[in-house]
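Peer 1: The structure that follows is given in the form of structure tokens.
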Amino acid sequence: MKIGIDAGGTLLKIVYIEDRERRFEKRPSSEIDSLIGELNRDHTEDEIFLTGGKAEYMDEKLEPPTRLSIEFDATYRGLSRLMEEQGVSLGRFVYLNVGTGTSFHQADGSGQKRVGGSGVGGGTLIGLSSLLTGVDSYEDIVRLAAQGNRDKIDLQVHHIYAGRPTPIPGDITASNFGRILMDDLPNLSDADKLQAVIGLIAETVTVVGISLAEGFDTKDIVFIGSTLLNNGVMTEIIGRYAGLKGVNPHIIENGEYSGALGAVL
């Protein structure tokens, strides 16, 4: 068996490959020592491939032989394979890895280049959600957010123009969290607040991605990362914002495992 591990700041993304069959798994990074113990006990005959910020720590603790890959290179290799398998053929594109933070890359036939990053990502989602509502489980956040309405929280262009013609689409957000009035606070549900947090993250990373795509002369943006998993609110916002700019968003299934898969490849 071959085991690829992307040891990140928030999650451990793992892919098990045996006889051309793949199994994906993720665990909190807080369980890294437990995973190391399991690998040392049960997988001494397997090949282990590591990437990510905590890869060197794992390498020092693991008894089976390991191979390390540079994180950005591994992610691109894994992403390229997943895109090929899913029939997403793009010659030139930008991709966003929305993990704990967000990493921005430009890619073409010759490879990838990291062109920037943002501290806005999944860590922001968990942290702000916890501060505002006390909800700190990713699964609970995305479930509740789907039931919310951020209209009383986010100031949109049509709110400013009050029914008059707008020079840009009226449903564009003018200011995230910019519409909150003190007398509205008791009427805001946790679901509303959580949807607004996701809106802040989705719009921020998408707007940056659109700017990078324009500078790279492409209309295609690929999105990967654990923050997208089962996150219908986020993917809907990404699609709408990208569409306003005539950009094509591509959300890759199992994209959060690109690094783990690429470490093996």
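Peer 1: In segment 238-255, what residues are assigned to a helix (DSSP H, G or I), modelled with pLDDT under 95 and in contact with a helix residue (DSSP H, G or I) (Cβ under 7 Å, 6 or more places away or on another chain)?
Peer 2: Across segment 238-255, the qualifying residues are Y241, A242.
Peer 1: Now for a different question. Anything in segment 58-72 that is in a helix (DSSP H, G or I) and either under 22 Å from M1 (Cα atoms) or of a type in the set (V, I, T) (or both)? List them, or say none.
Peer 2: M58, D59, E60, K61, E71 - these are the residues of segment 58-72 that are in a helix (DSSP H, G or I) and either under 22 Å from M1 (Cα atoms) or of a type in the set (V, I, T) (or both).
Peer 1: Okay, next question. Does segment 59-70 include one or more residues that are crowded, with 17+ Cβ neighbours inside 10 Å, hydrophobic (A, V, I, L, M, F, W, C) and touching a Lys or Arg at 6+ places or on another chain (Cβ under 6 Å)?
Peer 2: Within segment 59-70, the first condition is being crowded, with 17+ Cβ neighbours inside 10 Å, and the residues that meet it are 62, 66, 69.
With the extra rule that they be hydrophobic (A, V, I, L, M, F, W, C), the set shrinks to 62.
Then keep just the ones that are touching a Lys or Arg at 6+ places or on another chain (Cβ under 6 Å); that gives none.
No: zero hits.
Peer 1: If only one of L144, L228, L194 is of a type in the set (A, V, I, L, M) and open to solvent by 20 Å² or more (accessible area, probe 1.4 Å), which one is it?
Peer 2: Numbers: L228 fails: open to solvent by 20 Å² or more (accessible area, probe 1.4 Å); L194 fails: open to solvent by 20 Å² or more (accessible area, probe 1.4 Å).
L144 is the lone residue from the list that is of a type in the set (A, V, I, L, M) and open to solvent by 20 Å² or more (accessible area, probe 1.4 Å).
Peer 1: Say whether the condition of being at pLDDT 95 or above, assigned to a helix (DSSP H, G or I), of a type outside the set (S, T, N, Q) and crowded, with 23+ Cβ neighbours inside 10 Å is met by at least one residue in segment 204-212.
Peer 2: Yes.
Peer 1: S258 passes all but one of (1) touching a helix residue (DSSP H, G or I) at 6+ places or on another chain (Cβ under 9 Å); (2) assigned to a helix (DSSP H, G or I); (3) open to solvent by 50 Å² or more (accessible area, probe 1.4 Å); (4) within 22 Å of S89 (Cα to Cα); which number fails?
Peer 2: Of everything listed in (1) touching a helix residue (DSSP H, G or I) at 6+ places or on another chain (Cβ under 9 Å); (2) assigned to a helix (DSSP H, G or I); (3) open to solvent by 50 Å² or more (accessible area, probe 1.4 Å); (4) within 22 Å of S89 (Cα to Cα), S258 misses just condition (3).
The values are calculated or read from the model by the stated rules, or taken from the named source; none is laboratory data. Remember, predicted model here, so these are calculated numbers, not experimental data. As a convention, Cβ positions derive from the backbone with ideal geometry for all residues, glycine included, and neighbour counts pool all protein chains shown. Keep in mind that these areas ignore ligands, DNA and RNA; they rest on the heavy atoms of the full protein, side chains included. Shrake-Rupley method; radii C 1.70, N 1.55, O 1.52, S 1.80 Å.
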